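A.B. asks: One structure, pasted below without further comment.
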Amino acid sequence: MGKKSIKENKNIYQTTREGLDLTREKASDLLNIISADRIEKIESGKSLPHPDEVLLMSECYKQPSLCNYYCSHECPIGQVYVPEIKEKELPQIVLEMLATLNAINKDKERLIEITADGEITADEIKDFKAIQEKLEQISIASDALQLWIKKAVFDGKVSE
């Protein structure tokens, strides 16, 4: 039987496993292709997990946010292109998305004006960047909704 860790700065992989009351040995049995020693190396920070290991942990631990964490924090490409998605409740996700959609709807005409000629001039760049930030917020809200749905499917709250 494994010992309970008293380490203070646990990474997301360890806290997720421990949140399921799994020892490394039990997790290894569940994960099938990842040994308890490999899990220890990942959780202690001695080794970064491989993408396929994170995907497997995400599925077996029923925690889709592990994939986003890996991409946004540990993958060099993802650190540049993948924003971190915070888990939120469905009403908050929907309200944030609708608020942003309402805001971007007001900027729709300005976006058309800016982009119609295929150029963004110096006097248009400030408005264009502000609109682009709102579009990014919509993208993040959409990703948060997808993450919520995957988690709800894992938890049996929603069927595929």
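A.B. asks: Would you tally the residues in the stretch 55-73 being under 12 Å from the mean Cα position of the chain (by Cα) and assigned to a loop (DSSP other than H, G, I, E, B)?
C.D. replies: Counting residues in the stretch 55-73 that are under 12 Å from the mean Cα position of the chain (by Cα) and assigned to a loop (DSSP other than H, G, I, E, B) gives 2.
A.B. asks: In the stretch 117-160, what residues are touching a helix residue (DSSP H, G or I) at 6+ places or on another chain (Cβ under 8 Å), over 24 Å from C60 (Cα atoms) and of a type in the set (D, E)?
C.D. replies: Within the stretch 117-160, E124, D127 meet the criteria.
A.B. asks: Which condition number does S65 fail, the rest of (1) touching a residue at least 40 places away in the same chain (Cβ under 8 Å); (2) over 21 Å from Q14 (Cβ atoms) being met?
C.D. replies: (2) is the only condition that S65 fails.
A.B. asks: Just to be sure, is L90 surrounded by fewer than 15 Cβ atoms within 10 Å (Cβ to Cβ) and touching a Leu at 6+ places or on another chain (Cβ under 9 Å)?
C.D. replies: yes
A.B. asks: So, in the stretch 42-54, of the ones that are assigned to a helix (DSSP H, G or I) and either in contact (Cβ under 8 Å) with a residue 12 or more places away in the chain or hydroxyl-bearing (S, T, Y) (or both), which residue ends up nearest to Y13 (Cα to Cα)?
C.D. replies: Step by step, filter the stretch 42-54, then rank; the result is E43.
A.B. asks: Taking the residues in the stretch 70-82 that are among the hydrophobic types (A, V, I, L, M, F, W, C) and farther than 18 Å from Y13 by Cα as candidates, determine which candidate is surrounded by the most Cβ atoms within 10 Å (Cβ to Cβ).
C.D. replies: The extreme case among them is V82.
A.B. asks: From I104, I114, I85, grab the single residue that is touching a Leu at 6+ places or on another chain (Cβ under 7 Å), hydrophobic (A, V, I, L, M, F, W, C), farther than 30 Å from A27 by Cα and open to solvent by less than 60 Å² (accessible area, probe 1.4 Å).
C.D. replies: Exactly one residue qualifies, and that residue is I104.
A.B. asks: Taking only the stretch 132-144 into account, find how many residues are under 16 Å from E89 (Cβ atoms) and open to solvent by 50 Å² or more (accessible area, probe 1.4 Å).
C.D. replies: Residues that pass the stated criteria total 2.
A.B. asks: Also: For the stretch 6-30, which residues satisfy the criterion of being out of contact with any Lys or Arg (no Cβ under 9 Å at 6 or more places or on another chain) and surrounded by 20 or more Cβ atoms within 10 Å (Cβ to Cβ)?
C.D. replies: Y13, T16
The values are calculated or read from the model by the stated rules, or taken from the named source; none is laboratory data. Note that the structure is a prediction, hence the values are computed from the model and not measured. Don't worry about glycine lacking a Cβ; one is built from the backbone with ideal geometry, like all the others, and counts go over all protein chains shown. We work out accessible area using only protein heavy atoms, side chains counted, and drop any ligands, DNA or RNA first. Shrake-Rupley method; radii C 1.70, N 1.55, O 1.52, S 1.80 Å.
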